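Just so it is clear, none of the values below were taken in a lab; they were calculated from the coordinates. This one's a predicted model, so the numbers in the text were calculated from it and none came from an experiment. Methodologically, a virtual Cβ is constructed for each residue, glycine included, from the backbone with ideal geometry; neighbour enumeration extends over all protein chains shown.
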Amino acid sequence: MSTPRLFTTILFIALFAMTLREISDPDFWWHLRAGQYIVENATIPHRDPFAFTTQGKEWITHEWLSEVFIFGVHRVGGLALLSILFSGIITLAFGLTYARSEGKPYLAGFALLLGALATAPTWDVRPQMLSLLLMSVFLFLLDRYGSTHNAKLLIPIPPLMLLWVNLHSGYALGLVVIGAYWFGALVEGIAYPWKQKTAADITREPSPPSLTRRMTRNLFIVLVLSALAVLVNPNGARMFLYPFETLTSPAMQRYIQEWFSPDFHQTEWLPFALLIVALVFTTLLARARVPLAHVLLVCLFALAGLRSVRNIPLFAVIAIPILSAQLAAWIPLRASKRPTPRSMRIINTMIVAFIALAALVRVGGVLANQANVERAKYPAAAVEWIQKNRPAPNLYNSYGWGGYLIWKLYPDYLVYIDGRADVHGDVFIEDFLNIYRASPGWEDKLTEKNVRLVLIEPDAPLAKALAADSSWVQVFSDSQSVIYQKK
């Protein structure tokens with residue numbers, strides 16, 4: 001094994017090991033239950049079956065295929081297989097990004113590692129990771145089309161869009177990507193008219209984009225076909241509006257952490273800041289030409305990433321190849337053409353074997369720790385108490401625990417609220433928070449919903465209010481959670 005190949009192998013083994021995490025996303029659990037619901041009932045729900053407060057209310061199940069996929073994998077191999085598979089999905093997304101990058105292996109590897117670290121806080125078993133993979137696939141196909149002029153590379157895009165729209169509402173970003181490539185080709189075609197040039201002309205003038213009017217037309221056709229593919233989903237044309245409804249929800253922007261802007265006072269977001277700085281710095285120094293489509297996308301997704309942390313992975317897969325291209329233009333490294341000695345190939349193979357073994361140890365440790373993470377993050381003991389004692393519903397619960405309770409207690413108990421903020425709505429979330437904060441009138445709101453059981457954190461303001469209210473009695477308590485029951 002040569003040294004460059006050794007570097008690349010270690011890079012991706014390390015990346016896979018880094019992306020493997022214990023499942024901790026609060027929404028994972030209701031995704032899992034939704035997948036089970038769809039499979040066992042052979043139907044895609046359009047009304048909410050999980051929360052008694054919104055039972056029967058419209059639910060745009062835009063992630064239905066992801067949920068079926070998650071449940072199917074869980075049925076085969078449990079949480080362990082899900083963790084491994086989604087780690088592979090994230091690694092593959094970055095692998096396609098690496099394939100688009102110049103300066104392999106070292107400069108591209110540096111850019112890839114920085115970009116991966118920038119996205120690390122978002123890694124988990126969640127449908128967004130499938131959007132990340134499909135975004136990488138779209139960018140890979142469109143870049144290859146621009147460099148090879150092979151129209152066959154565009155054929156998979158509309159079918160992939162059909163898949164994407166049924167996996168996650170991030171499909172809209174796929175349309176943005178195609179549109180950016182088409183618009184970039186159109187503008188560059190106007191700026192650099194296509195004409196035959198002599199060899200002397202080419203040496204005197206800047207190189208025109210490797211585009212033709214036919215390529216621009218092909219991109220437009222693919223954009224139209226992909227937009228039509230969006231219609232092939234259980235919600236029809238409604239899916240065109242859904243992403244915008246989510247983006248304009250004040251409650252989601254105000255209370256859901258993944259919609260927050262990155263806090264650069266926290267160490268975990270510093271790689272994202274460094275990625276932006278490195279991109280600007282190297283572009284100013286190297287001044288290598290960047291296609292207009294890439295410029296449009298990197299600016300758009302940089303703004304999106306600064307506005308919401310959930311968009312940072314999408315920015316990273318766009319920015320990494322640009323950064324690597326600028327680094328390659330600024331620091332032209334030449335790979336050695338001398339053959340690697342046999343003794344060094346043996347040593348390199350032994351190094352890879354050692355790294356792979358270390359990665360396997362980490363995989364085992366992560367999978368073994370899943371149960372501990374679950375008990376530390378969710379009210380596992382309280383759920384066991386409810387399952388054993390069967391107190392009367394209805395149940396008021398903390399927001400972040402709703403998905404876990406859906407997985408553990410449905411259909412015997414319906415939740416008050418869960419992570420589907422789009423189903424519950426802004427007004428309901430505000431009312432929920434007023435109860436949680438024990439704001440004046442909280443008793444009436446619980447009575448209005450006929451709440452007989454409350455499961456929240458011991459230090460929640462509502463817990464203190466319930467402790468002082470003689471009409472409620474504490475029936476369970478541990479360091480993680482407390483349960484109050486109506487007398």
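For the range 259-380, place one equal point scatterer on every Cα, skip the solvent, and apply the Debye formula. What is log10 of I(q)/I(0) at q = 0.11, 0.13, 0.15 Å⁻¹? Here log10 of I(q) over I(0) equals -0.69, -0.87, -0.96.
Of the cross-linked pairs K408/K486; K57/K464; K388/K408; K449/K486; K377/K487, which ones have a Cα-Cα span greater than 24 Å in the structure shown? As for pairs spanning more than 24 Å Cα to Cα, those are K57/K464; K377/K487. By the count of neighbouring beta-carbon atoms within 10 Å, fewest first, Y106, Y98 end up ordered Y106, Y98. Centre-to-centre separation between the Cα atoms of the range 292-311 and those of the range 379-447: 36 Å. Basic side chains Lys and Arg get +1 at the Cβ, acidic Asp and Glu get -1 at the Cβ, and with that the dipole of the chain about its Cα centre reaches some 2100 debye. Kirkwood hydrodynamic radius computed over the range 322-448 comes to 20.5 Å, based on all pairs of distinct alpha carbons.
Against the longest alpha carbon principal axis of the chain, how many degrees, from 0 to 90 and to the nearest 10, is the axis of helix 270-286 turned? The angle comes out at about 20 degrees. Indicate the gyration tensor shape class of the range 259-303 (rounded, prolate or oblate), computed on the Cα atoms with a ≥ b ≥ c the square roots of the eigenvalues: a/c under 1.5 is rounded; otherwise a/b larger than b/c is prolate and the rest oblate. Cα axes put the range 259-303 in the oblate bin.
Overall size of the range 378-486 from C-alpha positions, given as principal axis extents largest first: 34, 33, 24 Å. Dividing the summed -39500 (n - 2.57) terms of all DSSP H runs of n ≥ 4 by the residue count of the chain sets its mean residue ellipticity at 222 nm at -20500 deg cm²/dmol. Compactness check for the range 1-133: Cα Rg over 2.2 N^0.38 Å is 1.29. Computed from the Kirkwood radius of its Cα pairs, the Stokes-Einstein diffusion coefficient for the range 100-157 at 10 °C and 1.306 mPa s stands at 120 µm²/s.
When each of the peptides 339-349, 432-442 is scored by how many other beta carbons lie within 10 Å of its residues on average, the order from highest to lowest is 432-442, 339-349.
Of the residues P121, A108, F69, the one whose Cα sits farthest towards the positive end of the charge dipole of the range 43-135 is A108 (charges of +1 on Lys and Arg Cβ, -1 on Asp and Glu Cβ, taken about the Cα centre). Protection proxy ranking for 261-268, 129-136, using the average of other Cβ atoms within 10 Å per residue and placing the highest first: 129-136, 261-268. This ranking places S324, S2 by how few other beta-carbon atoms lie within 10 Å of each, fewest first, which gives S2, S324. Each Lys and Arg contributes +1 and each Asp and Glu -1, all at the Cβ; summed about the Cα centre of the range 14-143, the dipole is approximately 160 debye. Other residues whose C-beta falls under 14 angstrom from the C-beta of W442 contribute a net charge of -1, scoring Lys and Arg +1 and Asp and Glu -1. Counted by neighbouring Cβ atoms within 10 Å, the residues L162, L357, L395 run from fewest to most as L357, L162, L395. Can you tell me the alpha carbon radius of gyration of the chain divided by the globular rule-of-thumb value 2.2 N^0.38 Å? The chain yields a ratio of 1.12.
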